[in-house]
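Following: one structure in structure tokens, then a few remarks.
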Amino acid sequence: MRLPIHEIEIDFLAAYRDGARLILQAPTGSGKSTQIPQMLSRAGFLDGGEVIALQPRRIAARMLARRVASEMNEPLGGLVGYQIRNENHTSSRTRIRFVTEGILLRRLINDPELRGVSAIIFDEFHERSLHGDLTLARGLMLQKTARPDLKIVVMSATLDTDALSDYLSPCETIRSEGRVYPVDVSYIGDRLANSNAAIWDLAARSVADAVTEETEGHVLVFMPGAYEIGRTIRALGERLSSAKFRVLPLHSELGSKDQDAALDACDRRKVIVSTNVAETSLTIDDVRIVVDSGQARIARYDPSRGLNTLWIEKISHASANQRMGRAGRTCPGRCLRLWSERDHQQRAECDEPEAMRMDLAESILTLLATGVEDLDAFDWFEKPVESRIDEAFVLLSMLGAVDERRALTSAGRKMSEFPLHPRFGAMMLAADRYGCVPELSLAAAVAESRGLLLRKVDKSVLRRRESLLGDCAGSDLIAQMRAWSGARANGFDIGYCREIGIHAQTARQVSRVSDQIFSYAKYEDFNLIQEAPAREEDVVKCVLSGFPDRVCRRLDRGTLRVEMTGGLRGSLARESMARDSALFVACEINEIGTQRGDVSTVLNLCSEIQREWLEELFPNDFDSGSETKFDEKQKRVVERVFVRYRDLDIELKENLDVNIEVAATELAALVVAGKAKLDKWNSEVEVYLERVRFASSQFPEYEIEDFDEDSKSLVIEQCCLGAKSLRDLKRQAVMPLIKSWFGIEVENVVEAEAPMKVRLENGRTARIRYESGQAILSAKIQELYDLNAPPTLCQGRYQPRFEILAPNQRPVQLTDDLEAFWTNAYPSIKKDLAGRYPKHEWR
DNA sequence: GAGCACTGC
């Protein structure tokens, strides 16, 4: 079959012969991934050595190898093979080797000159995966030193290859047209886009309209996550006839059976509501209509706070186009974008490369291990900001992987041998000392796998799981290890796994990874002799040695609130095994945003620890009293907040829309201190600003800059660490109201599930549930307005206000005295209220 | 609705 890519074969081979570096720009569907290696083979270029074709995903490496082998009438693993983690289908005959990027990066550690390799092809480079970026930079470095004969071919689907071409210069660029069908794109109007309509309702409406106009083919709807998918499916159920349509969810946490249902053929038209999995990883045949919410949950790592954030963000043009392309694979299609054209113009052109938003510690350790001595001179395609690299080195040196000159230590060398994050590498080194290498091989594999225990399961499943697992020494990790052992004892039987809510496929994967880690440990000559299984206490000590900066203590008994070394606050995951522990270590910290704009910091994979273990493991941190560590770290947080942005006005303005909530508190503190001005404005900043103003008005004796130690910690309390979620703001608004109406001194209003504590006039305290607190407010409003039923209180999206809905769900105008309560607490609300709610008579 | 995208060694 003749493919578009064949038209450039002669040009490509000539350029390949004459130059060392080459860019091939060709869209998806042009056949470049399968044909380019074959062209090189036919032209005899592989006689001198193999070509490595890099893929960002395992499934692509496997499928491409299979496809190319069959096109060349070769057995898989002969001339054509593939290699992914724990799967190697290659032989000494192999000349075309499809591998995932991480495999090559790892190979560079043990074989820095890549002997026997004549060329590296980078496929899908536009996706800008961290491994891809690093491998390319490392490959260039190799080509410039020991291997001038090595050829580098970079293939990308995007048109914009100028920056890449500069980076690779001298380098030729060859372009090829693809064979794609046109897709008709439409946007929704400004008014609809700015309305408060929920995204799932907009989507359901669009789907219902589109399927009547376009009467064939399937529909693919993109949503940011499982929650939104559920809502969309519910909304669609009211609009589509189930005789004609089958509505199906698709996201990675579904079982494989449910995933297959979305991909399999079907007697009806399918409406598939999916996350980003359908953007690159999975392809659904015969999709004619794409409905795109324009949102995605994007993970970022915030090195200054050491946590991952997962918030809903607007997708870039590149991503929107990729989603759109899913409608034009078999014939012309259409794409409905649920945002306005004006919004579209303001969106980013491309996604931010992974290297800019991920934890760099592991990458830097790998680079050091492949022989990069001077990281300052390392030629990144796009260099991450210096502070991120610094933060990575802080972690590496805390783990003992680098010395003060930033050079690899022998411990660091050992950590780098493991295909793991250096935190887990450090855990393995500790396992060597404590004699629990097999247990930690499993612990690392389990911790890395995530998702071993399914999150959304029935209560009956939870009960069975709990009776199987026991108390697990207050450790989520040990719980997961036990769950895995149970699954293995039952041969990873699907039925058994389902009964206790284990992802069977993940459990098998964990076995392979655990074996791999164990074999690396063996190779490294670790202590493998055990007379008895390791004590769970020792296992947790090893975990702690990889996470010395993630020690948490509970703030009180009634709630799940927690403070971490470094001062960060958050909540212990409510299902955690460490829920009865006062002190624990958290392997995973996520800051999660919801569709409504709330943000919560959740600590996962926690294990109870004892104070003495800290002294045993980190004697140096405890030389002058037990609390020093906390205080030192707190000081560092304050310095960051008030020093880091001091001279960076310009950068602040430009970055204001990006990752806004990370910077917002810090910005607000600076604005109040007169250290920064903001040109752009939006409601998130306003919220934080309001809070800082509130804090400083409550404590006028403190200046925001030049703090003494006391006020520093006060500011941490008020501005930086507490009240991260909007729920806290709401709480602050509720408290004065209750006080004024009932004469009750409110001590605190705590998280939703726990009771709210109030102090009564007679000096006793009482508890009411948070929901009851809302009910009290609601009843009071009913009384004030003389309503025939209590109104509903809703939390506003970015504003610390309550929207008041009448029983018929229409919004209500506030009376002056009620409004005054809000505005006294938060002056900015006044502006927001004015004119926002139409007067509505509904008594 | 208090809670979670996707990869990869």
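What follows draws every value from the coordinates through simple rules; no lab data is involved. Note that this is a predicted model, so its numbers are computed, not measured. Positions of Cβ are backbone-derived with ideal geometry, glycine not excepted, and every protein chain shown enters the neighbour counts.
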At the level of C-alpha centres, the distance separating segment A:139-177 and segment A:325-359, in angstrom, is 26
Can you compute 3J(HN,Hα) from phi for each residue in segment A:96-103, using the Karplus curve 6.51 cos²θ - 1.76 cosθ + 1.60 with θ = phi - 60°, rounded to whole Hz and x for Gly and Pro? 10, 10, 8, 9, 7, 4, x, 5
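Among rounded, prolate and oblate, which fits segment A:4-175 when a ≥ b ≥ c are the square roots of the eigenvalues of its C-alpha gyration tensor, a/c under 1.5 means rounded, and a/b larger than b/c means prolate? Each step should come with its number before you reach the end.
On the way: a/c = 1.33, a/b = 1.13, b/c = 1.18.
Rounded.
Please label the shape of segment A:418-608 as rounded, prolate or oblate, based on the square roots a ≥ b ≥ c of the eigenvalues of the alpha-carbon gyration tensor (a/c under 1.5 means rounded; beyond that, a/b larger than b/c means prolate, else oblate). Before the final figure, lay out the partial values.
On the way: a/c = 1.74, a/b = 1.20, b/c = 1.46.
Here segment A:418-608 falls in the oblate category.
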Using a simple charge model, +1 on the beta-carbon of Lys and Arg, -1 on the beta-carbon of Asp and Glu, nothing else, what dipole does segment A:418-608 show about its Cα centre, in debye to the nearest 20? 660
Pop out the ³J(HN,Hα) list for segment A:538-546 in order, Karplus 6.51 cos²θ - 1.76 cosθ + 1.60 with θ = phi - 60°, rounded to Hz; leave Gly and Pro as x. 5, 4, 5, 4, 4, 4, 4, 5, x
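For segment A:334-445, what does the alpha-carbon gyration tensor say about shape, rounded, prolate or oblate, given a ≥ b ≥ c as the root eigenvalues, a/c under 1.5 as rounded, and a/b over b/c as prolate?
Oblate, because a/c is 1.5 or more while a/b does not exceed b/c.
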Non-local amide H neighbours of residue A:333 (under 5 Å, H modeled in plane, Pro and chain starts lacking H): which ones? A:183, A:184
Using all C-alpha to C-alpha distances in segment A:183-352, build P(r) with 10 Å bins and read off the rounded percent in each one. 10, 40, 36, 11, 2, 0
Amide H neighbours of residue A:402 under 5 Å, counting only residues 5+ apart in sequence or on other chains, H built in-plane at 1.01 Å? A:397, A:409
Can you compute 3J(HN,Hα) from phi for each residue in segment A:386-398, using the Karplus curve 6.51 cos²θ - 1.76 cosθ + 1.60 with θ = phi - 60°, rounded to whole Hz and x for Gly and Pro? 3, 5, 5, 5, 4, 4, 4, 5, 4, 5, 4, 6, 4
If packing is taken as the mean number of other Cβ atoms within 10 Å per residue, what is the order of A:346-355, A:306-315, highest first? A:306-315, A:346-355
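Evaluate segment A:102-179: find the radius of gyration of its Cα atoms, find its Kirkwood radius, and give the ratio Rg to Rh. Please report the intermediate quantities before stating the final value.
Numbers: Rg = 13.0 Å, Rh = 13.4 Å.
My calculation puts Rg/Rh at 0.97.
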